[in-house]
Structures are given as structure tokens and as C-alpha cells.
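**Student:** A single structure is presented below for examination.
The values are calculated or read from the model by the stated rules, or taken from the named source; none is laboratory data. These numbers were taken from a predicted model, which means no experiment stands behind them. A quick note on method: Cβ atoms are made from the backbone with ideal geometry, for glycine too, and the neighbour counts reach across all protein chains shown. Ligands, DNA and RNA are stripped out before the accessible areas are found, and what is left, the full protein with its side chains, is counted by its heavy atoms. Shrake-Rupley method; radii C 1.70, N 1.55, O 1.52, S 1.80 Å.
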Amino acid sequence: AQKVTQAQTEISVVEKEDVTLDCVYETRDTTYYLFWYKQPPSGELVFLIRRNSFDEQNEISGRYSWNFQKSTSSFNFTITASQVVDSAVYFCALSEVDGGSQGNLIFGKGTKLSVKP
Amino acid sequence: DTAVSQTPKYLVTQMGNDKSIKCEQNLGHDTMYWYKQDSKKFLKIMFSYNNKELIINETVPNRFSPKSPDKAHLNLHINSLELGDSAVYFCASSQEPRFYNEQFFGPGTRLTVL
């Protein structure tokens with residue numbers, strides 16, 4: 001079973017639109033961490049955010065915001081007023097403290113976001 | 001200064017050859033990793049390694065072997081290359097505990113096996 005599911009394979013929006021990238025995870029651990037990474041067309045992977053399982057406060061960083069809901073096992077990422085530079089593949093990832101993944105990151109399959117001018 | 005560097009950036013080779021990809025990090029991190037990203041962009045861990053333990057993803061063929069001369073380097077050696085090995089390989093590093101700390105990725109090495 002997939003531990004991290006990003007159901008949206010590709011999303012296309014027009015500049016200035018808001019867009020939400022979904023991430024649903026599965027774990028039996030009570031302590032775990034969730035991450036988002038960005039991979040722009042240039043190919044490098046850039047860390048965006050980390051969230052632990054005990055902190056359900058939403059986070060906002062400029063145009064980016066994250067909504068963590070344990071009840072639905074989701075950690076969604078919203079970009080407000082999208083810009084062309086936001087075009088990238090976005091990965092959600094899970095790390096479990098005690099689970100079989102031995103603390104390593106388990107990535108979702110990524111969502112490719114295209115922002116058109 | 002580049003935090004995590006990989007060489008080469010591109011590698012084109014014939015089936016059956018043996019090749020290595022080098023990785024260096026100057027962040028003083030304890031743990032280093034190798035990931036494979038396939039043509040569909042799926043990222044999968046191959047190895048994680050620190051001074052004390054090597055954790056191998058069980059799906060990785062034993063033709064792939066990590067070699068770490070010291071804490072700052074983790075090279076990936078691949079024997080008898082196959083067409084299916086074509087992918088982008090990313091090196092990464094993090095501080096321990098690995099489950100908590102973000103990983104810093106290298107720029108990737110695009111391997112093409114002909």
C-alpha cells in the first residue's frame with residue numbers, strides 16, 4: 001500500500017490563481033514527520049517545510065500555506081496568487097520514527113504544477 | 001559553496017559497463033543517501049548510510065554498491081549497467097536523527113545507459 005499518496009499527477013493554473021496540492025499519508029506510528037519538497041525544471045530538490053505529528057497548527061510562509069489534519073491523514077499545500085516561478089514538481093514525504101522505513105523519507109509520486117502567464 | 005555536490009552531472013555509457021558517481025557534502029552531516037528518480041519522476045531511496053550503519057532498500061540490485069571513504073563522501077558504484085538503470089540519481093545528506101531533519105539534495109546525475 002502506498003504510504004504517501006499525491007492523487008493529482010498534474011495541475012495547470014493561470015497566474016494569480018490559488019492552487020492546492022493534496023497529500024494523504026498512511027502510518028501506524030504515533031510520532032512521524034511530514035515534508036514538502038519542490039523540484040523546479042532545473043532539477044534540484046528544495047526543502048520547503050517539515051511538520052511533526054503533534055503539531056497541527058497550520059503554517060503560512062508568504063504565499064505558501066500548509067494544512068495538516070490528522071483526522072484525515074492529510075497534509076495539503078496551498079499556493080496563493082500563483083506565479084510562473086512556482087511551476088515545478090512538488091513532493092510530499094513522510095518519515096516514521098518507529099516504522100519499517102527506519103526513519104528514511106518515503107516520497108509521494110509528486111504533483112507537477114504548471115503556472116501559465 | 002555548494003552544500004552537496006555530485007559528479008558527473010551527466011553520464012552516458014554502454015550496457016555492461018561499470019561506472020561510479022561521486023558525492024560530497026560539506027555540511028558536516030552524519031548521514032548520506034542515494035535516491036533514484038525514474039522517468040516518471042518517482043523518487044525512491046536506495047541507500048542511507050552513516051558511520052555506523054548501512055541501510056539498503058531491499059529492492060536495489062546488488063550490482064549497486066555504496067562506498068564511503070569518509071563521513072563527507074558517499075559514492076555509488078554500479079556494475080554491469082542495464083538499460084533499466086537509466087535514471088537521475090540524487091545524493092542527499094542530513095543530520096541525525098534522520099526522521100526529523102530535512103535532507104539537502106545534490107543537483108543529480110542523469111545516467112543514460114545505451
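**Student:** Based on alpha-carbon centroids, what's the gap between the range A:8-28 and the range A:64-117 in Å, whole number please?
**Tutor:** Using only Cα atoms to place each centre, the spacing works out to 8 Å.
**Student:** Longer than 19 Å from Cα to Cα, which of B:K22/B:K67; A:K38/A:K112; A:K38/B:K40 are they? Say none if no pair is.
**Tutor:** From the list (B:K22/B:K67; A:K38/A:K112; A:K38/B:K40), the Cα-Cα distance tops 19 Å for no pair.
**Student:** Here is a further query. Averaged over every viewing direction, what's the projected area of the C-alpha convex hull for chain A? Give it in nm², one decimal, please. Please list the in-between numbers first.
**Tutor:** Details: hull surface 27.9 nm².
So the Cα hull casts an average projection of 7.0 nm².
**Student:** Still on this structure, please answer the following. How large a share of the accessible area of chain B, in percent, is made up of carbon and sulfur atoms when the probe is 1.4 Å and the other protein chains stay in place?
**Tutor:** 50 percent
**Student:** Give the average over all directions of the projected area of the C-alpha convex hull of chain B, one decimal, in nm².
**Tutor:** So the Cα hull casts an average projection of 6.8 nm².
**Student:** Under the Karplus relation 6.51 cos²θ - 1.76 cosθ + 1.60, θ = phi - 60°, what is the ordered set of whole-Hz ³J(HN,Hα) values for the range B:108-114, x standing for Gly and Pro?
**Tutor:** x, 10, 8, 9, 10, 10, 9
**Student:** Take the solvent-accessible surface of the protein heavy atoms, probe 1.4 Å, and return the percent of it on the range A:13-114 that carbon and sulfur atoms account for. Working shown, then result.
**Tutor:** Details: 2130 of 4550 Å².
After summing per-atom areas, the C and S share lands at 47 percent.
**Student:** Right, here's the next one. Go through B:36-47, B:87-98, A:56-67 and give me the packing order, highest mean Cβ count within 10 Å leading.
**Tutor:** B:87-98, B:36-47, A:56-67
**Student:** Take the residue pairs A:K70/A:K109; A:K16/A:K116; A:K3/A:K109 and return only those whose Cα atoms are more than 18 Å apart.
**Tutor:** Checking Cα-Cα distances, A:K70/A:K109 exceed 18 Å.
**Student:** Would you mind giving the mean number of other chain beta-carbons within 10 Å of the Cβ of each residue in B:92-102, as a whole number?
**Tutor:** Mean number of neighbouring Cβ atoms from other chains: 5.
**Student:** What are the residues of the range A:50-90 that lose 10 Å² or more of accessible area, with a 1.4 Å probe, going from their chain alone to all protein chains?
**Tutor:** A:R50, A:V89
**Student:** Starting from the Cα of B:K41, draw a straight line to each of the aspartates and glutamates and keep only those under 13 Å, dropping any in the same chain fewer than 8 residues away.
**Tutor:** A:E10, A:E44
**Student:** What's the buried accessible area, both sides, between A and B using a 1.4 Å probe, rounded to 100 Å²?
**Tutor:** Separately minus together, A and B give about 1800 Å² buried.
**Student:** At 1.4 Å probe size, with every protein chain present, just tell me what the per residue accessible area of the protein assembly as shown comes to in Å².
**Tutor:** On a per-residue basis, the protein assembly as shown sits at 49 Å².
**Student:** Per residue, what volume in Å³ does the convex hull of the Cα atoms of the protein assembly as shown enclose?
**Tutor:** Values: hull volume 30.0 nm³, N = 231.
Convex hull of Cα atoms, per residue: 130 Å³.
**Student:** Here is a further query. Whole angstrom only: what separates the Cα centroid of the range B:48-101 from the Cα centroid of the range B:1-32?
**Tutor:** 10 Å
**Student:** Which residues in the range B:85-110 have a backbone N closer than 13 Å to a point placed 7 Å from the Cα of A:E59 along the Cα-to-Cβ line?
**Tutor:** B:100-103
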